[in-house]
Every structure is written in C-alpha cells, then in structure tokens.
Amino acid sequence: MVRIVSELYGLQVSVEELVSERDQNFRVDTGSGDSFVLKIAAMSEKRETLELQNQTMTHLSVHMPEGSVPSVIKSVNGEEIETYPGRDGRPHFVRLLTYLPGRVIAHVSPHTDSLLYSLGQFIGSLSKALESFSHPESDRELYWDLKLAPLTIERYRSHIQSDEDRGFVEYYAGLFESEVLTRTNQLRRSVIHNDGNDYNLVVRDPHSPERRAFGILDFGDMVLSFTVFELAVTCAYALLHKQNPLEAAASVVAGYNSVYPLRESEIDVVFPAICARLAMSVAISSYQRSLEPESDYLVISQQPAYRALRELRSVHPRLATAIFRRACGLEPCKGSTSVVEWLDAHSHDFGPVLDVDWDPETFTHLDLSIGSLLVPTPESLESDAQFSQIVHEHLKATGARVAVGPYDEPRLIYTTDQYLKWGEHRTVHLGVDLFTEEGTSVLAPLDGVVHSIGDNRSSRDNGPTLVLEHNRDGAGPPFFTLYAHLDRSVLDGLSPGMFVKKGAVIAHVGKYPENGGWPPHLHFQIVVDMLDEEGDYPGVATPREREVWRSFCPDPTPVLQIPPELCRYSEVSEAEILAVRNEHIGWSLSISYDRPLKIVRGYMQYLYDNLGRKYLDAVNNVPHVGHSNPVVVKALQEQAAVLYTNTRYLHENLIRYAKRLIEKVPPPLKVCFFVNSGSEANELALRLARTHTGRRDIIVIDGAYHGNTGELINLSPYKCEGPGGRGLPDYVHKIRMPDPYRGDYKRDDKKAGSKYALDVKNAADEKVAAFICEPMMGCGGQIVFPEGYLCDAFKHVRGAGGVCIADEVQIGFGRVGSHFWGFETQGVVPDILALGKPIGNGHPLAAVITTPEIAQSFHNGMEFFSTTGGNPVSCAVGLAVLDEIESRGLQENALRVGTYLLSLLEGLKDKHSIIGDVRGTGLFIGVELVRDSETLEPADTEAHYIVNRMRDLGVLISVDGPLHNVLKIKPPLVFTRENAEMLVSRLDSVLREDRARSS
Ligand code: PMP
C-alpha cells in the first residue's frame, strides 16, 4: 500500500487498514500531519459509480460547510480514479480521499437531544445541497434503496429465524406499502447519500460542548430516491440504543426540518420509512448470516435493530407521526384544532355528564398535583383504599357533590411501574375526573353513537369504559368522548353502533375496587383520534409527550361547563419564576444546575419536580431525617397550632430540648443558646470567645466557610478570598488546609496531623481569641483531617490562652456515622460548639453549646436575645429530629450505608482515572476529580458536567472545594444501600461520557 500511494500520489506515508464492508480502505498518514483514506474498490464496482461518488463530493464541497465531506485527491497523473493490481492480481480502481478528522458518532456519548438536533440540521443541509445535484448513474437499482424495501424484505425475510421477529418485519413491509408507496407522488425526489449510519457520521468537534460540526463519509450507497428517505435512514440509526427511540428520532427530525422544511406528506412517511429501513437491514443481515453461519458479529450487530423494531411495534404510526409533526412545529394530531374550535362554538349546546344539579355549588376542586397536600407520595401511600378515603373526606369537608380533578395535571398517583413508558412515568392527566358517589348516573352530554365498550380489569386501570363517537353524520369534525371507571352494568347495557341521545343515561359511576381500584369517579376525556383502540385509551401521558397527547385529547372544559379554574391545571412556569427572581431576588444568589429544577415535593431521600420526575437526593444534608419527615412535620404542625412565642415566657419545650441536646454532648459543654441559622450560631460563638478571652484575633483554616454575616465572611477564606471578596482582615490568621490528598503532608504520613497542627501553634499568639474550624470541612472539599490534628491544634490554642470553636453546622448529628459529632472522630472536645442545618431538618433552628465558664463571662450585663430562637415550635422540631435519629438508628445507618457507598466509590476509582481521591466518613463523602494523577490538575469543568448529567439521570449531587473539583455527597441519613448502588451506577455511566473524561 505504501508503494501504491508513493507511485500514484507521490506521497511518503504510513498505512493502516480500516474496517469496511465492501471496499478495502486504508488510513494513510504523511509525516507532515496530513491524513488520507486510500480506497481500493471491490472488483464488482463500476467506474461510473465511483465517478458519481467523486462528483457528489466535489458538489458538496461547494455547497456544504468546509471539511464536512472528504475531497478527492488527484494522482500524479491528474486522475481522480486510478487502477492498480489488487491482491488477486487483477486491476482495481483506486482513489485517495482526504481523511475527516473527528469521532464517528457511534463513539460519541451521550447522544443528547441537542446533538441529535444538530445531526438533523446537518442532514437537512445535505438534502438541501443535493437538491441541485444530478448524475445519470444515481438512477440505479440498489437493494439498500428504501423504495424497494417490500421487495427486499420479501426476498430475504425467510432467513430471519424467529417467527415473532419475522412477523414484525412483515408488518413493517406492509406498513411501508400502505403508508409510503401510496404517497410517492407527493414526495420530493433527489439523489441521497442513503447511509447515514453511526459509523459514517463524524462529529468533527467532539470536545466542544456544542458539538455542532459534522462530517459524512462513504458515498457508496447513493441513489436517486425520495429525499425524505435521507432523513428516515439517519433516524433509523440515530434511534438505536436510546431509552426513548421516538424522541431521539424527533430531535433529528426537528433539526432537519429547521434547515430543510418538510412537507406534511413527507412527515407522514418518516415513521414507516424508518421502520422499513430497520426491517430491511435485519432481513439483509439475516441473509448475510445464512452465508456466514459462524459469524456472531452479524447476530450481535443486529440486536439493537431488532430491539427497536419490537419496541416501535407498540407505537401507533399516527402517534409517531404526531410526535414528528410536533417536532416540525405543526399541530401534532391532525384535525385537533378543528375539534377544539367546534367544541368552543357549541359550548352552550352540551348537557351535564352526571345526573347532579349542575350549578357552581355542586363542584369543588380536588388538587391531585405533585405538590398536593391531599395526596401522599407513592412511598407513603398505604393502600389504594386510603386514597378513596382521602377523596371521600375531602367531599365531606367541602360539602360539595362533585370534586373535580383537573385536565393536564401532573400527578404522583401514576408512578407505579405500569405507568412507565420509555423511562418516564405517564404522570400527566388527559381528562377531567369527577369524583362523586358511586352509582351516580352518567349522561350523554351530546348525541352520539356507541363506538366501543371495554372492561379494563387490572388494578389502577380504566375499569369498565365506554367510548361514544360524535359528528359521525358530518355535522362537525368527528371526535370521541370517553367515560372510564364505570359500573360494570355498562358492559351489558350498550353495544357498538347504538345511537345515544343527549341527556340519556349511558352508565353509572363504578365502585371501588371494580372501577380499576380508584375512589368512585367518572373520568371524562375527549379523543380526536382513537388510534384504533376500542374500549380503552391512554388517560395519562409522559411529560415529554404531553403536548402531543394534549392534541389527541383536548381540554374537555367546553363540554363540561364547569368553571375552568376547577377543570384546568395551572402553575407558575419555570420561565416566569426565573423572570421574577431575576427582577426581585438578590442577584448574587445562584441556582443549582444549568437546567434549573422546579422541585415541588419531597419525601425522605427523594425529591419530585413539577412533572412528577423523581430525584434521588444525595446532597441535601439539611433534611437530615428525610424531606418532610412525617414525625417532624407533625411535631411542627401541632406545636404551631398551639403556641409560637419567644423564650421570655416559661415553656417546657425549651428545657426538654436543651436537656436532650446536653445529653448528646460531652462535658463540660452544658449551656445552650438558641438562634435561627448556622451563621447566627457561629457569630454568637465568636462573641462568646471574644468576650471570654478579651481578645479579637481568630485562626481559620484555608478554604473554610462559616457563614454569611459580615464578620463570618471576614473569617471565611472561601468567600473573602474569592470573587468579590476583600481579603482577610489583619486580625484573622489563616493556616493551611490539612488536606491529606493535595496538601504538603499526605495520607501515608503518620505524623501529618501534628505537622499541620504546628501551623496553629505558629498562629496562636497572645492576641488570639479562638481557633474556629469544622472538624471535617464541607465547602473546603469534604476534607477529613489527618489523625491527631485537632488534638494537637486544640492544645496549641489553649496553650496560648485561646478557645476552640467547632462549627458542626454541616456535619453534626450522626452524619459521620462512627460518632454523633465530627469533633469526636478527632478525640477532642471544643469549648464552643455551633450547630445548625440538620438540627431542625429544614426548620430555621440553630444552637450554640458552651461551657459554664464561658457562658459566665458572657453574662456581663448585656442581654442576649434572639426573638424566635428557641421558640416552642423550634424546640418541638428539634426534639422530633433527635427522636427520629434515635428511633430509626440513623447514625448507625450513616455508618453502614456510608461505608458501603465509600467502598463502591473506591471500586469506581479503579475504573476511572479521573477519580483522584475518594474520602469521607459515614454519609459525608467527597470524590475529588483530577486530570492527571501526578500533577493533580483539577478536573473542574468535568465536575460541573458530571453533576449536571447526574441531575439529568435523576441523582442530585453538587460540586465544591476551592478548585471546584470535588463531588459532594451528603444525603439525608435515611439513604439506603440501594440508593448508594443507584448513585454509583449512574456515576459510572456518566464518567464514561466524553465530556466527563479529561483524556
Ligand atoms: N458553617 C458551615 C460549615 C456552613 O457550611 C454553613 C452553611 N453552608 C454555615 C456555617 C452557615 O449556615 P447558615 O447558612 O444556616 O447561616
């Protein structure tokens, strides 16, 4: 090969063979950094076909962005196509093309929506460029031409071994004939590349966050065909390996349409064409396998296509088309708008759907949304019967006859497995629910014909269901009304085709549990296209498909004539919240994640967003005993309902709580002060220290954060030495962070603790009032100090006449697992202990505990008073938190689960070189990311990326540390082993993604 290149092209190169199907391809590199591909054509290849390829590339080099297609290199003889004897001794056609740098899309991860959108744009620009290209050779017969899919499938399908898979393939061939071949006169024609598979598409800028620059290779399958097939072929490959294949394809379609607008008739054929391409591909490869029965490769490589064909079989083609129509900015379900307009125009003609007085007092709103107080989360719902009871009580309490559950409302009640679709729960309600007494008559609101009746018996299903068809006579656009959860009698009373008059009794509200296991109610839904369903229909949709299903099932309010505010779900959107925050909330407040979360519900270690998506909370240490922990909530509610005053009256809660806290700390700590925030606690701790010693200076550790007040900012290098900071005042002595990973004395240095403590000794002069530190550093990057550090440090401080303040605002209350307090892990007792965050599980409570001696010094005539500190409600909350820690054994859990999690993370460290250090104790864990294990160059952009991707995958963690490269893990202490496993497996998959890898 080296000789061929030298003789024909005059280049001195090194050569490496590339994998290819038909041709023989070689990568060719010159010493000066230029790369080429040498293509030796198969014997069967015609010169005209190669000319077609070359001319296409030349055409595209003018009409496409530079570098997106290979260029043809002329030989020393000035030829684009040369001949040379091949291995078989016979002449072969030889070409030299430029090599497209970048990474084939098969090796790019993840395939995000935006990557797929950009890919669609690129293919759109290819279609646009090829519109003006023609070549006689392109009008050829090629078995990869989609036009011929039914014939190709017919020819090879017998080689597909599984009857079931063959059935799918035949179905898709039929679909292509009925949906595509009948419409060809409406499709544009052009030469197409016809093979946008994931080894032919190159991402030219794989390291840029946008990844918008693409290239395309291998023009061997070009053919004159229908232009839209270019898109369909690309989608057929782009949707493989995706959790939601249709949405992946929709992103490609949207990008394509933005550059090369599709006609409606073209959108109609995209789905059947995608499926036909996949079906053709498995049929052809089954045939190829019959020729090479020992080749496992062909079997394995077709698995994703088979999987996609099976999954897509459950999708009605008109639903898929609606998803693509939406991607192109069209009304998803054809005809939906005219139904909506007709319903609006006839809103005064409809009768009631229930036999009750149809006046405003009859109705009340029933909030079933994610954040509804009425509905327990799935983890806390005891039984379906409990839900019935809740609804019953709501009706009783409001005195209404009918409770209305709104249309378009996301709900948590659909988060069981049966509502899972492609990785998402179908949480969004598509009808209106009318909760009322069982047996209430259901009336036809307008004339109609019985379309179908169904008996949907599984638990949490539709139960007995009736569908009526309207406007069959053409008086308006046709549509359907659906009535679900009915009494079983409907199954015998009506039959399809029967005429039903407006006002007629058509059914009765069914009873629990035969109505599908729900509180008695009528689920009423409008349907524009039944998608060939009978007696059943989806009543809820995934958030991603929300808009599409809203088009299939428009708002039924015009028919129901119930005040819209009861019938329609509404919420303040993320965009509105952001806009108001941007105007009225201090701008220096940041928001977590690049795509902010609208969290509306929490339960124990889980958070839910407004659409019912569940997140594993592995970062919030404030909800220490679990978000909205019922025991804490009850204590708060009960005390708040009785008394909420200040501490200048005598109240039992204050002393009960103080005594419980004192039991938890070692002597001589025994005097409490109660305040409202960690900052207040540290601020008070400083005042105590300064008053007691009569000195001002403070020793702080580099990277520390102690709170947001003016003085605490002065003492927090994390802030005052960062952006916007004014540096440390002269009375603050900063010492090195005793970091056993990155610092001067490493983990294997047994004396590291004492060596670092010498910094304290050097800083502790006669002016020093106190040394303040977290016994394990949080914002500093989850730093666990070397053994003996605080022991020596405290001695030095005390030796110089200062006192020691432990800031346990982050780490106290059992988080560290082995001990209740962080300082205990170092075998010391502070003189002043500051507590916050977890102490109130989110309720603003904080405390300072000190020695009688220091408290005495502070008792100097000036009163200390915090208006709400230590109020009866806060104390009730504090007591409940301690109760929960003890009764649930949460400190022990932190140790058990934390140790397990640390071991899993250690395992991950062996697999991913970016993990430099895994550290922590209990459920206080840090994972430090570095680009190089020698230089410890911090992997900060990678850390940022990882945290955001983890959020996308449903796990919340954060980044901290002075170099912004430490993943912080500090979940509520109710975290389980399974939670730990999920966190680590998601982290493992994110760490495999391109942008999480520094090399
Ligand atoms: N000390 C430490 C160690 C902290 O991490 C924080 C808060 N991040 C504070 C004090 C201040 O607590 P708060 O925000 O409740 O005032």
With +1 on each Lys and Arg Cβ and -1 on each Asp and Glu Cβ, and nothing else charged, work out how big the dipole of the stretch 311-372 is about its Cα centre, in Debye to the nearest 20.
820 debye
Let me understand the stretch 22-66 better: what is its radius of gyration from the alpha carbons, and its Dmax, in angstrom?
13.1, 35
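Below 8 Å between Cα atoms, with a sequence gap of 6+, how large is the relative contact order for the stretch 212-343 in percent? Show your work: numbers first, answer last.
Numbers: 99 pairs, mean separation 36.2, N = 132.
Reported as a whole number, the value is 27 percent.
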Test of understanding: what is the full-extension gain from Leu18 to Met498, defined as 0.36 nm times their sequence separation minus their Cα-Cα distance?
166.1 nm
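Two decimals is fine: what's Rg over Rh for the stretch 140-224, C-alpha atoms, Kirkwood radius as Rh?
On the way: Rg = 16.8 Å, Rh = 15.5 Å.
Result: Rg/Rh = 1.08.
From the gyration tensor of the Cα coordinates in the stretch 911-999, what semi-axes in whole Å does the equivalent ellipsoid have, largest first, with each one equal to sqrt(5λ)? All intermediate terms of the calculation are to be shown ahead of the outcome.
On the way: eigenvalues 84, 43, 25 Å².
Square roots of five times the eigenvalues give 21, 15, 11 Å.
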Can you give me the long-range amide H partners of Ser958? Hydrogens built in the peptide plane at 1.01 Å from N, cutoff under 5 Å, separation of 5 or more residues or another chain.
Lys968
Could you let me know the centre-to-centre spacing of the stretch 7-30 and the stretch 579-649, using Cα atoms, in angstrom?
62 Å
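With +1 on each Lys and Arg Cβ and -1 on each Asp and Glu Cβ, how big is the dipole of the stretch 484-557 about its Cα centre, in debye rounded to the nearest 20? If you can, show how the numbers build up before the last one.
Working: 7 positive and 11 negative charges, 67 e Å.
Rounded to the nearest 20 debye, it is 320 debye.
Calculate the FRET efficiency for Tyr644 and Thr976 from the Cβ-Cβ distance with a Förster distance of 56 Å, rounded to the nearest 0.05.
Values: r = 35 Å, r/R0 = 0.63.
So the FRET efficiency works out to roughly 0.95.
If you take every DSSP beta bridge whose two residues both sit in the chain, what share of them, in percent to the nearest 5, is antiparallel? Before the final figure, lay out the partial values.
Working: 102 of 123 bridges.
So the antiparallel bridges in the chain amount to around 85 percent.
Quick one: dipole size for the chain, taken about the Cα centre, charges +1 on Lys/Arg Cβ and -1 on Asp/Glu Cβ, in debye to the nearest 20.
Values: 98 positive and 133 negative charges, 490 e Å.
I would put it at about 2360 debye.
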In nm, give the distance between the simple-model label positions of Arg992 and Val633, each being 7 Å from the Cα along the Cα-to-Cβ direction.
3.8 nm
Can you find, among Thr362, Ser338, Ala320, the residue sitting farthest towards the positive end of the charge dipole of the stretch 299-368, where Lys and Arg contribute +1 and Asp and Glu -1 at Cβ?
Ala320
Taking amide H atoms as placed 1.01 Å from N in the peptide plane, list the residues 5 or more away in sequence, or in a different chain, whose amide H sits under 5 Å from that of Phe214.
Arg204
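Just to be sure I understand: if I project the alpha-carbon convex hull of the chain onto a plane and average over all orientations, what area do I get in nm²?
Working: hull surface 194.0 nm².
Average projection, Cα convex hull of the chain: 48.5 nm².
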Residues of the stretch 523-542 with amide N under 20 Å of the 7 Å Cα→Cβ point at Ser338:
526-532
Using θ = phi - 60° and Karplus 6.51 cos²θ - 1.76 cosθ + 1.60, couplings along the stretch 220-230 (whole Hz; Gly, Pro as x):
x, 9, 5, 7, 7, 8, 8, 4, 5, 5, 4
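Highest first, please rank the peptides 940-949, 727-736 by the mean number of other Cβ atoms sitting within 10 Å of their residues. Each step should come with its number before you reach the end.
Working: 940-949: 19.8, 727-736: 15.8.
By packing density, highest mean first, the sequence is 940-949, 727-736.
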What list of ³J(HN,Hα) values in whole Hz, one per residue of the stretch 363-374 in order, does the Karplus curve 6.51 cos²θ - 1.76 cosθ + 1.60 (θ = phi - 60°) give from phi, with Gly and Pro shown as x?
10, 9, 8, 10, 7, 10, 5, 4, x, 5, 5, 6
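May I ask you to compute the full-extension gain from Ala475 to Lys750, defined as 0.36 nm times their residue separation minus their alpha-carbon distance, rounded to one decimal in nm? Write out the running numbers ahead of the final one.
Details: separation 275, 0.36 × 275 = 99.00 nm, distance 8.91 nm.
Fully extending the segment from Ala475 to Lys750 adds 90.1 nm.
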To the nearest 10 degrees, how steep is helix 890-911 against the longest Cα principal axis of the chain, on a 0 to 90 scale?
50 degrees
Which residues' amide hydrogens lie under 5 Å from the amide hydrogen of Asp739, considering only partners 5 or more residues apart or on another chain, with H built in the peptide plane?
Asp744
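Taking Cα pairs under 8 Å and at least six residues apart, what relative contact order does the stretch 892-963 come out at, in percent?
On the way: 79 pairs, mean separation 14.6, N = 72.
It comes to 20 percent, rounded to a whole number.
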Using R₀ = 60 Å, calculate the FRET efficiency as 1/(1 + (r/R₀)^6) where r is the Cβ-Cβ separation of Arg27 and Met862; round to 0.05.
0.15
Förster-model FRET efficiency, 60 Å R0, Ala345 and His964, C-beta, rounded to 0.05:
0.55
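For the stretch 771-902, report the convex hull volume of the alpha-carbon atoms normalised per residue, in Å³, without decimals. Show your work: numbers first, answer last.
Numbers: hull volume 17.1 nm³, N = 132.
Cα-based convex hull of the stretch 771-902, divided per residue, equals 129 Å³.
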Which GluC sites (Glu not before Pro) in the stretch 1-50 sit in a loop by DSSP (not H, G, I, E or B) and have at most 15 other Cβ atoms within 10 Å of their own Cβ?
Glu21
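Need one word for the stretch 61-198: rounded, prolate or oblate. Basis is the Cα gyration tensor (sqrt eigenvalues a ≥ b ≥ c); a/c below 1.5 gives rounded, then a/b vs b/c decides. Could the numbers behind the result be given before it?
Details: a/c = 1.70, a/b = 1.40, b/c = 1.22.
It comes out prolate by the Cα gyration axes.
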Could you give the angle, 0 to 90 degrees to the nearest 10, between helix 317-327's Cα long axis and the longest principal axis of the Cα atoms of the chain?
60 degrees
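For the stretch 117-173, just say rounded, prolate or oblate: build the C-alpha gyration tensor, square-root its eigenvalues into a ≥ b ≥ c, call rounded for a/c under 1.5, and beyond that prolate if a/b exceeds b/c, oblate if not. Please list the in-between numbers first.
Details: a/c = 4.40, a/b = 1.78, b/c = 2.46.
Verdict is oblate for the stretch 117-173.
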Give the angle, between 0 and 90 degrees and rounded to the nearest 10, that separates the Cα long axis of helix 113-130 from the longest principal axis of the Cα atoms of the chain.
30 degrees
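Given N residues in the stretch 419-538, what is its alpha carbon radius of gyration divided by 2.2 N^0.38 Å? Provide the component values of the computation, followed by the final result.
Numbers: Rg = 13.9 Å, N = 120, 2.2 N^0.38 = 13.6 Å.
Ratio of Cα Rg to 2.2 N^0.38 Å: 1.02.
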Report the Cα centroid-to-centroid distance between the stretch 73-148 and the stretch 765-835 in angstrom, as an integer.
66 Å
The ³J(HN,Hα) series, computed from each phi in the stretch 957-967 with the Karplus coefficients 6.51, -1.76 and 1.60 at θ = phi - 60°, rounded to the nearest Hz and given as x for glycine or proline, is 9, 9, 10, 8, x, x, 9, 6, 9, 10, 6
Contact order relative to length of the chain, as percent, for alpha carbon pairs under 8 angstrom and 6 or more apart:
8 percent
Gained length - Glu547 relative to His63, 0.36 nm times residue gap less alpha-carbon distance:
170.6 nm
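None of the figures in this text is laboratory data; all of them are computed from the coordinates on show. On a predicted model such as this, the values are computed, not experimentally measured, just so you know. Heads up, the Cβs are rebuilt from the backbone with ideal geometry, glycines too, and the neighbour counts pull from every protein chain shown.
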